[in-house]
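The values are calculated or read from the model by the stated rules, or taken from the named source; none is laboratory data. Remember, it's a predicted structure, so these values are computed and weren't measured experimentally. Positions of Cβ are backbone-derived with ideal geometry, glycine not excepted, and every protein chain shown enters the neighbour counts.
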Amino acid sequence: MITEKDIKQLFKSQLDAISNETLRQGVIDAWVEGCRMGGWKSVDELHEIPFTLLTETHGVNFIEHTIAVTEGAAALAKAQIDTYNKLPYAIDMDRLYAGGLLHDVGKLMEIERDGKGGYRKSLSGKMARHPISGALLAQKCGLPDDIINTIACHAKEGDGRPQVIETVLIHQADFATFDPLVMKQKGILIEL
């Protein structure tokens, strides 16, 4: 069973960046519950899950992707905060780190082992993509609506929908990690 301690170790740096203790605990609770609901039993299993089934991941796993998106969104926020003379909107770093850690938490229920050494979309994943299952999980764990927005709207489900600024930054960081792999698979990524 994956425990609170396991999640704290996996995402120590990112969790430490969340100053609101209630929010930090909600993120941990959502991960533990998502692991339970998805049937994941060990941290080693989490490190083996590919971050997507839509393209070749070249070994990038779910945990690495989650951290890269979270830190990428934080870097986008920091660049604006440090550079703009007058930031035209407030960026909440607690919301950004929590949303980054949770943006794909629904994949814990969307992806399963295929019994042949690989992975496939689970029945739950066929019923609702990870932004929806992740948003429902966050609500179940008592997370606030602004965090639910970062999960529900970080992918195509959010197209044209109202979004908090942190959702926009998470979306950009997420696709900055996904699009190059799709382009590489299609042979249109220029690699010098």
Pairs where the first residue, in the stretch 131-149, is within 11 Å of residue 107 (Cα to Cα) and the second is at pLDDT below 95 and assigned to a helix (DSSP H, G or I), C-beta under 7 Å, 6+ apart: 131/157; 132/157
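Take the residues in the stretch 38-89 that are outside any helix (DSSP H, G or I) and among the basic types (Lys, Arg), then tell me which one is farthest from residue 114 (Cα to Cα). Outline the logic, then answer.
Initial filter on the stretch 38-89 (outside any helix (DSSP H, G or I)): 39-42, 49-61, 84-89.
Checking the rest, the ones that are also among the basic types (Lys, Arg) come to 41, 86.
On the way: 41: 16, 86: 51 Å.
Here the residue is 86.
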All conditions in (1) in contact with a Leu (Cβ under 7 Å, 6 or more places away or on another chain); (2) within 24 Å of residue 50 (Cβ to Cβ) are true of residue 166 except (2)
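With 96, 54, 101, 76 as the choices, which residue is surrounded by fewer than 16 Cβ atoms within 10 Å (Cβ to Cβ) and touching a residue at least 60 places away in the same chain (Cβ under 8 Å)?
On the way: 96 fails: surrounded by fewer than 16 Cβ atoms within 10 Å (Cβ to Cβ); 101 fails: surrounded by fewer than 16 Cβ atoms within 10 Å (Cβ to Cβ); 76 fails: surrounded by fewer than 16 Cβ atoms within 10 Å (Cβ to Cβ).
Unique residue meeting the criteria: 54.
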